[in-house]
1. Listed residues A:5, A:32; which is open to solvent by 50 Å² or more (accessible area, probe 1.4 Å), touching a residue at least 40 places away in the same chain (Cβ under 8 Å), under 34 Å from the mean Cα position of the chain (by Cα) and within 14 Å of another protein chain (Cβ to nearest Cβ)?
2. Taking the residues in region A:339-388 that are among the aliphatic types (A, V, I, L, M), open to solvent by less than 50 Å² (accessible area, probe 1.4 Å) and not in a loop (DSSP other than H, G, I, E, B) as candidates, determine which candidate is farthest from residue A:328 (Cα to Cα).
3. Only one residue in B:161, B:169 is assigned to a loop (DSSP other than H, G, I, E, B) and more than 11 Å from every other protein chain (Cβ to nearest Cβ). Which one?
4. Read through the list (1) over 19 Å from residue B:175 (Cα atoms); (2) surrounded by 14 or more Cβ atoms within 10 Å (Cβ to Cβ), then give the number of the only condition that residue B:32 fails.
5. Got a sec? Which of A:38, A:17 is in a helix (DSSP H, G or I), under 38 Å from the mean Cα position of the chain (by Cα) and at the interface with chain B (Cβ under 8 Å from one of its Cβ atoms)?
6. Does residue B:21 meet the test of being in a helix (DSSP H, G or I), touching a residue at least 40 places away in the same chain (Cβ under 8 Å) and within 14 Å of another protein chain (Cβ to nearest Cβ)?
7. On the given criteria, is residue A:445 over 26 Å from residue A:499 (Cα atoms), exposed (fewer than 13 other Cβ atoms within 10 Å of the Cβ) and in contact (Cβ under 8 Å) with a residue 12 or more places away in the chain?
8. Among the residues of region B:197-248, which ones are over 23 Å from residue B:43 (Cα atoms), among the small types (Gly, Ala, Ser) and either in contact with a Ser or Thr (Cβ under 8 Å, 6 or more places away or on another chain) or facing another protein chain (nearest Cβ under 7 Å) (or both)?
Amino acid sequence: MEKFLQKIHGSPLRTRFLLYFIVLTTVPVLILGAASLFLIDTSHRRDVSALELQLIGQKIEETEKFFERTLGLLELVVGYDQKSEIDITQQNFFLENLLAQNAAFEEVSFISVLSATSTYGVETAKKNRLPDVPELFNVSLLPKFTETKEGRRYVGEVYYTIEGPSVTMSAPVVNRNGVVVDVLTAEVSLREVQEFIKSGVIGERGGIILADNNGRLIAERESGIAEGVRVDDVVSIRRALTGKSVDALQPEDRYQSIFYKEPVVAAGKRMESTGWAFVVEWPLSDADAVMNTIRNQVLVTTLASIIAVLLLAPVIASKLTRPINMLKKRAEEIEQGHFEKEVVVTTNDELEELGHAFNRMSKGLKRLEELKGEFVYIAAHELRAPVTAIKGFISLLLEDRAKNGITLEAVEYLDRIDRANEGLVHLVNDLLEVARSDAGKIEISVHPVDISVATDEVVKTLIVLAKKKEITIEYRPVTSYVLADEGKLKEIMTNLISNAIKYTLGSGTIVISQEMVKDMFVTHVRDSGIGISKVAQKKLFEKFYRVRAKGTEDVTGTGLGLFIVKQLVEKMGGKIWFVSEEGKGSTFSFSLPVHT
Amino acid sequence: MFKYLVAVLVLVFGAVIWMYFSVGVPVLYSEKNVTVRSVHRMGNLEQPLSRIYISAFYFIPKNKEENIHNEWQKLLHKKLDALVRFHTVQLQGASSILYEIYPEPIIGNLDNLAYDTSITQHGNPAALRRIVPEIESRVLAKDGDLYRADFDHVPPDAYHVLVIMYEGVGSTGGDNVALISRIFLSDIEYAAVSESLLAHEFYHTLGLPDAYTIPEGIATSADIMGLGRYRPIGQTFISQKMLQELGL
């Protein structure tokens, strides 16, 4: 992480801005998108849960009403006080009416409760919707009798016949004193319950499933799974049967449905009076249809925002960093001594003000440079006469030292003064050359010159210096004419060869070669010296720059030589360059136009 | 630095892809343990009942040949079809019945007195004791005088039950054999409940006991093994308790 931060810190402003811009814009967009999706999904889930539970509540209410209505028809109060059964004729009449009143009744019967008689627990009257007259049986051991004779209503387990699910219901018949005088029982078809279960729809395809307390299917609208089949393997039904919360919000409430053969979201509830489970299953493809549309819209918007950011980021980054880059480029030009150009920043903000300030600074620097140039020129010019005079007088003193009675010790001092003065003369001449160059006052008179002659003369002049350091100079003159100022050409050659001698520490070889390259004549001065470091190479042609390397502490110079050489070569229509490797020597090359 | 920029872009698009596949996407619950129920004979978990094969016969004592019902085959088909429908509903599709009716009435070697019993109120076990060995030796054994190769179709994995419509009195059911008087299946007196009576005896072959008191005959259950045998087949049922004994 630390490395990453360091890397970012050291990278270009534009890249850094790009990175920050992308991170600072896309992260909030992503967080916003994810939060939106999460909130929409949560809200949607709650809506689905509420709708499903509402449908379940409605169906439970309808079922409870069915039971109340049906059992209510069986609850009979006779209009007398004594404990005696209803007359058989009246029983039959009443049963006929019951069958007529409620289509759910398949079979109805009265059961005697008079324990003193032989008919205790025996059906005394029975009516069935079938044409055959039903047989009367002793049912005294069945719960529909044993429960009800005690005055309690009875609703049996759901049973499943070929004709559909049914349930046994029975209710006590009481006299005005509340004494049970008969039991009225009925086999009740659950077709009506099935119908209103099947009519319960949620969304386009969602529906309700009803299972009895044993987990057997009473009704559902979708799959055609047979009634009576155990479906308590379905997680929502099983959980509802055990009274657990099935609210369409739990992880278990989304599963692959055996009814729809696809993923559903389910809610469920147990009807307390019967123990039946009411479960709503809603296919996710239907329940989440709107949610999916919104989800896709949010995702597309998020993605589009991110893409827009990614497209805009480089443009904005460039726009914001362009003035800074312009200022940087301009600063580099000023560093090279070019003060003329103005930087134009039109951002109408602090950067524009900075641009104006920069231009003012540039003008100020230009003026300072001019003043400096004038000062150097004047100083150098004024120094030239005295140092020349000093040089002359020292020469006169040394020539006639015997006549002048100068001792050997004095001669040695004069010699040192002469060498120091020679350096001073050299410096003054260089300063004047530079000052002329800066002022554009260098006078060059170009005419055909045999470069081999000029080069040979310079080599012969410097060979003494080279021999002192055991340096060999190799040069094979070949007559070639270039367009140049002969004096300046010699100055160039002198500078390059003397540099090669100075920066070759100990013995070595200097090779001077020349060749034609297209319409230019190129001269190479290759030495086996110390070479130039990469850092120094960048500043080599700058004024007053001197290479500092181990072993060069005694090398003298003004740091103006190569600057002047470059100016002279370029004034004569040529170019100068070099190739150097530290420790392996350097090759300086310059070209001049060929005289044809 | 460029690689960091690429890494940021990868993270950004990775986050979008994560959002697409994760946020707001329903996760389906799936149960690790799924209950597998298998139907078996009551009290015998080793005897599966997923396939039941009924070989049905019309058996007539030698001296009752003149009483042969003219449409016995059609009658037996009708009753067995009703049994198949009832069984499919009650066993929730977990058990299926195939049946085949022996194409000829089987004339017994003995008179009816040898097969019948005077007590028919609680079935006719004496008839079973004599009729079943006779059918086995004469019809099912390959050397039997009534053996037919085209009747020998019992699948090896099926639970084999013999259903015998008997031209005599009584009805009974036991291990692999159910017998019922032809009178219960054809007489108008029993028309409404004849199929239920056959089913009652058939379910004895699956191990279900009677659900009424003996000798009073008072039903202790309203299902097919009790009072329900006297209700039309379309209105009767097997109780949840009995179904649990069968593995459902």
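The values are calculated or read from the model by the stated rules, or taken from the named source; none is laboratory data. What you are looking at is a predicted structure, and each value in this text was computed from that prediction instead of being measured. FYI the Cβ positions are ideal-geometry reconstructions off the backbone, even for glycines, and counts take in every protein chain you see. These area figures cover heavy atoms from the full protein model, side chains too; ligands, DNA and RNA do not enter into them. Shrake-Rupley method; radii C 1.70, N 1.55, O 1.52, S 1.80 Å.
1. Working: A:5 fails: touching a residue at least 40 places away in the same chain (Cβ under 8 Å).
Within the list A:5, A:32, the selection yields A:32.
2. A:387
3. B:169
4. All conditions are met except number (2).
5. Details: A:17 fails: at the interface with chain B (Cβ under 8 Å from one of its Cβ atoms).
Only one candidate qualifies: A:38.
6. It is false that residue B:21 is in a helix (DSSP H, G or I), touching a residue at least 40 places away in the same chain (Cβ under 8 Å) and within 14 Å of another protein chain (Cβ to nearest Cβ).
7. Details: over 26 Å from residue A:499 (Cα atoms): no; exposed (fewer than 13 other Cβ atoms within 10 Å of the Cβ): yes; in contact (Cβ under 8 Å) with a residue 12 or more places away in the chain: yes.
No: the conditions fail for residue A:445.
8. Answer for region B:197-248, where residues must be over 23 Å from residue B:43 (Cα atoms), among the small types (Gly, Ala, Ser) and either in contact with a Ser or Thr (Cβ under 8 Å, 6 or more places away or on another chain) or facing another protein chain (nearest Cβ under 7 Å) (or both): just B:234.
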